[in-house]
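Here is the structure we will look at.
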Amino acid sequence: MTFTQIIFLITAAVILGSALMVVSTRNLVHAALWLIVTLFGVAVLYAILNASFLAVVQVVVYIGAIAILFIFAIMLTRREMLDRGPQLNRGWWLNAIIAVLTFGGLFWMLQGWSGFSKAAADFPSGYDAVGQLGKALVSPTGFVLPFEVASVLLLAALVGAVYVAFTRK
Amino acid sequence: MIPLSWYLILSAALFSIGLFGVLSRRNAVAILLGIELMLNAVNINLVSFWRYGDVSMMAGQVFAIIVFAVAASEVAVGLALVISVYRRRNTVIADEIDLMKW
Amino acid sequence: MQNDWLYIGLFLVVGALIPTSALVASWIVSPKKPNPIKQSTYECGMETVGENWVQFKAQYYIFALVFLVFDVETVFLFPWAVSLGQLSLFAVVEGIVFILILIAGLVYAWRKGMLEWV
Amino acid sequence: MNFWTDPVNFVAQWLLGLLTGWGMPGWLASLLVQLIGVVVLVSMMMVIDIFLVWIERKVVARFQDRLGPNRVGPFGIIQPFADIIKLIIKEDITPNGADKLIYNLAPILSLMSVLLLWAIVPLAPVILGVDLNVGALYIIAAGAIGTLSIIMAAWASNNKFALLGAFRQVAVLVSFEVPMLATMLIPTILAGSMGMNEIIQSQNVWYIVLAPLAGLIFMIAAIAELGRAPFDLNEAESEIVAGYHIEYTGMKFGLFYAGELLHAFTFGGFWAILFLGGYRFFGLENLGPIVAAAILMAKALFGYWLIMWVRYTVMRIRIDHMLAFNWKFLTPLAFTLLILTALMNALLRGTSSGVYILGMLLTNVILGWIIVEILRGFSRRERERVEGPQQAVAHQ
C-alpha cells in the first residue's frame, strides 16, 4: 500500500463519515458544517487526482459561497430548527433500503465494465491543465457554447432567485 | 497507484448517501444538502474519468465546471424558494408544504 | 504536481497544530474558576432574554445570493485569463461577452432595487 | 550549490543526506525535511506576528501623536511578549449554551486560514514554498476558510450581538471578494499565469504602472476583507459591542487578534507580489535569496503600513454605504477595467514593450479620469438634493 493510497483511504473515510452525519444529524447548522467537511474532502480528492484548478474552485465556490448561503438560509428559517419532532420521514428505513440497493446496483453495473480497475497514465511532459482548460473553454471547436450557456444559466438563476426571495410587502 | 474503481465506488457510496438524505429528511434545506452530496458524487466521477482517460481531452474538467454552475444555480433558486415559502407558510417541513397536492 | 499539494497538506496540519498548541498551553496554565455570572452571555450587563435567535434582515441573504453568482462566474474566467495570451481575438471577445452577461445580472439587481439596504 | 546562492536547498540536501544516512527510507526522509521546512516557515510567521503587535501599536501612536508602548524594554519592544504571557494565563471563559467543539475550533481555523496563505508566497527566486499554478485562486480559497471561522465563532458562542456582527462581517467579506477576484484577474492576464512566482518573474515593469487602478481596487478590497477601518463593521463597538468574537477571552481571543494582524501583513505582501514586483527591486534580488526575501518583507511592511495609515485616518462607513460602494461602484469599475485590459492586451500584443506599457497606462488614466468625472457629477447632484440648488452653486 503506497502513501497516496493511505491518504486516499483516509479522505474517503472522512467523506463518507461526514456525509452520513449530514443526512442524519438533527441540528441543521451541524449538518451544514458536516457538509463543509465532506466538500473539503472532495477537494482533497481533486488534489490527489492532480486537478489543482478544480480543487481550489471546490473550496472557493462550495465552502466560500454555497456553504455560507446554506448557513444564512438555515439561520433565516431558524424557528423550525429547534430540533422538535422527528427530522426524518416515517418511512426512512425504506429509503435506506433504496439507497443501499442503488449502491449495490451501481457497484454491480460498474463491476461488469472492462475499464473498472484501470490505472492512471502519467501526464505528458510540460502539461498545463489550467491553460488547456482555458483554451478548451473558449475555442470554437471546444466548449464555448457550454461556457456561455453556463453564464446565461447563472444569470437566469440570479433573476429567478431574486424574484422569488425578494418580495416587498 | 490508486485504481479507477476506488473513485467510482466512493462516488457511488456518496451518491447513495445523498439519495437517502433527499428521500428521508423532512426539512427542505436538509433536502438541498442531500442534493449537494449527489452533485459532488457526480463531480468525482467526471474528474476521475478525465484523469484516467486521455488527459488532453478536457471534457471531464469542463463538465465538472458546468456542474459547479448548476450546483450554484440550484442552491440559489432552491434556497430562495425555501425562504419564500417560509415567509408565507411559516414552515420549512417538506411534507407540510402541500398546497400543490390538490 | 502531487508534491505541491503534499506540501500544502503539511502546511494545513502545522497551521492547525500551532494555534492548537497555544490553546492547550493556555488551558494548562490558566486558572479555572467558573461561576454562573461569568459564564452568562454578554449583553452589556442586561439579562439575556430568549435564546440566540433574532429575526435577520433578508438583505444579508440577498447579498450572499448575488455574491454566489458573481463568485462562480468570476472563477470561470481564470482559465480564460491564463490562456489569453495564446488566444485569438475571437476568443477574447467570447470572454468579454461572458463578462457582459455577468454585468447584465448586476444591472438587473440594481434596477430591481435589491442593492439598496432597506 | 552553496549556502549563499541557495540556502534552503542546501540545508534540505544536507538534512536529506543525513537522514538517509541513518537508514531512513527516501520518501519518509523527504517528507520529514518538508515538514521541518513548513514548521520553520510557520514559526517564523508567528514570530513576525508577535512583532507586528509592537509595530502596529507604535505606528498608531505616531499617527495619533502619542508615544506608544515604551516601558517594557527599549522602545517597548518586549511589550508583545508581556501581552502574550497575559493572554496565556488569563482564565478562559466558555459562555453558557456554547457549542463547545465549534467554539474552540473557530479561533484555530481563523489563524490557520492566514498561515495557509504563506504556503504559496515566493520569498526569493529559489525559496518558493510551493509554486502552485492556481495561486491567485488559492488566496481566495484560504479566505473562504476565514469567513467560515467567523460564522462558526458567532454561532457557537450563543450570543445575539455576535451573530449580528458576524452577519454584517460576512456580508462585507463576500461582497468585497468580487472586486478582489476581478482585480486578481488583471495580473493574471498580464502575466499569463496564476502562479505567484511567474507573476513576479514577468514584472519587468511593475504592474502598479501597467494597472494602477487595479492596484488601488485590490488595496481597497483587501482592507475590507481584513475588516479594518474604514470597513470595521465587525467591531462597531457602539452598535454591536465587539462583533463575532465578543464571547472570546484569553488565548482564544489572542488567536483571532493574531490572525487579524498577520492577515493585514499578508495582504500587504500579496499586494506587493501582484503589483509591486514581489522580491524584485531593480536587480537587487540577484545578490542572493536572503536579500530578495528581505526586499519582499520590506514591501509587505510597506503595504501593511498603507493599510494602517488608512485605518487610523479614515472613519468608519455605515454598512449600507459600504455595500452600495462595493456593488454600485467598485464592482462595475473592476469589471470595466477587466474588459478594457483584456481588449488592450489582445490589441497591443504584437507591439513593442514601450507602446504596450504606454497603452495600458493610458487606458487606466482615461478610465480613472472618466470615473472621477462621473463621481463629481454624482456628488453635485446629491449635494443639490440635500442642500437645495442655490447653496450647491455657492459651494463651487
Per-region count, segment B:7-27, residues in a helix (DSSP H, G or I), open to solvent by less than 20 Å² (accessible area, probe 1.4 Å) and more than 16 Å from A:T38 (Cα to Cα): 2
Subset of segment D:11-36 that is over 26 Å from C:I18 (Cβ atoms) and not hydroxyl-bearing (S, T, Y) - its residue that is farthest from the other protein chains (Cβ to nearest Cβ): D:G21
Candidates D:P107, D:P80, D:P69 - the one that is without any contact (Cβ under 8 Å) to a residue 24 or more places away in the chain, touching a helix residue (DSSP H, G or I) at 6+ places or on another chain (Cβ under 7 Å) and within 30 Å of C:K38 (Cβ to Cβ): D:P69
Count of segment A:16-42 residues which are open to solvent by 10 Å² or more (accessible area, probe 1.4 Å), of a type in the set (G, A, S) and under 25 Å from C:D4 (Cα atoms): 0
Check on B:N40, within 17 Å of the chain's Cα centre (by Cα) and either acidic (D, E) or within 7 Å of another protein chain (Cβ to nearest Cβ) (or both): yes
Of all residues in segment C:1-34 being among the aromatic types (F, W, Y) and facing chain D (nearest Cβ under 7 Å), the one that is surrounded by the fewest Cβ atoms within 10 Å (Cβ to Cβ): C:W27
Test: residue in segment B:64-77 that is under 29 Å from B:P3 (Cβ atoms), without any contact (Cβ under 8 Å) to a residue 12 or more places away in the chain, not in a helix (DSSP H, G or I) and not basic (K, R): no
Residue check, B:R51 surrounded by fewer than 20 Cβ atoms within 10 Å (Cβ to Cβ) and at pLDDT below 90: no
Given (1) closer than 26 Å to D:V172 by Cβ; (2) of a type in the set (S, T, N, Q); (3) over 19 Å from the mean Cα position of the chain (by Cα), number of the condition D:N286 does not satisfy: (1)
Which listed residue, of D:M219, D:M152, is surrounded by fewer than 24 Cβ atoms within 10 Å (Cβ to Cβ) and assigned to a helix (DSSP H, G or I): D:M219
Residue list for segment B:57-69, filter: farther than 20 Å from A:F40 by Cβ and more than 7 Å from chain A (Cβ to nearest Cβ): B:M57, B:A59, B:G60, B:F63
From D:L105, D:L101, residue being exposed (fewer than 14 other Cβ atoms within 10 Å of the Cβ) and assigned to a helix (DSSP H, G or I): D:L101
Test: residue in segment B:30-38 that is more than 20 Å from A:A65 (Cβ to Cβ), in contact with a helix residue (DSSP H, G or I) (Cβ under 7 Å, 6 or more places away or on another chain) and not hydrophobic (A, V, I, L, M, F, W, C): no
Yes/no for D:V114 being over 30 Å from D:A153 (Cα atoms), within 12 Å of another protein chain (Cβ to nearest Cβ) and open to solvent by less than 80 Å² (accessible area, probe 1.4 Å): no
Segment D:12-26: number of residues that are open to solvent by less than 60 Å² (accessible area, probe 1.4 Å) and not in a loop (DSSP other than H, G, I, E, B): 6
Residues of segment A:44-67 that turn out to be open to solvent by 10 Å² or more (accessible area, probe 1.4 Å) and within 11 Å of the chain's Cα centre (by Cα), as a count: 1
Residue list for segment D:80-93, filter: touching a Phe, Trp or Tyr at 6+ places or on another chain (Cβ under 7 Å) and either at pLDDT 85 or above or open to solvent by less than 30 Å² (accessible area, probe 1.4 Å) (or both): D:P80
Meets criteria (more than 18 Å from D:V172 (Cα to Cα) and open to solvent by less than 10 Å² (accessible area, probe 1.4 Å)) for D:M297: no
Residue in segment D:9-58 that is modelled with the highest pLDDT, counting only those that are of a type in the set (V, I, T) and farther than 20 Å from D:T266 by Cβ: D:I36
Tally of residues being outside any helix (DSSP H, G or I) and in contact (Cβ under 8 Å) with a residue 60 or more places away in the chain across segment D:155-203: 7
Some residue of segment A:72-82 being part of a loop (DSSP other than H, G, I, E, B), of a type outside the set (S, T, Y) and at pLDDT below 85: yes
Pick from segment D:325-349, criterion open to solvent by less than 10 Å² (accessible area, probe 1.4 Å) and among the aliphatic types (A, V, I, L, M), ranking: nearest to D:F176 (Cα to Cα): D:L330
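The values are calculated or read from the model by the stated rules, or taken from the named source; none is laboratory data. All values reported here derive from a predicted model rather than from experimental measurement. Neighbour counts are summed over all protein chains in view; Cβ atoms, including those assigned to glycine, are modelled from backbone coordinates with ideal geometry. Note: accessible area is taken over every heavy atom of the protein model, side chains too, but ligands, DNA and RNA are not part of it. Shrake-Rupley method; radii C 1.70, N 1.55, O 1.52, S 1.80 Å.
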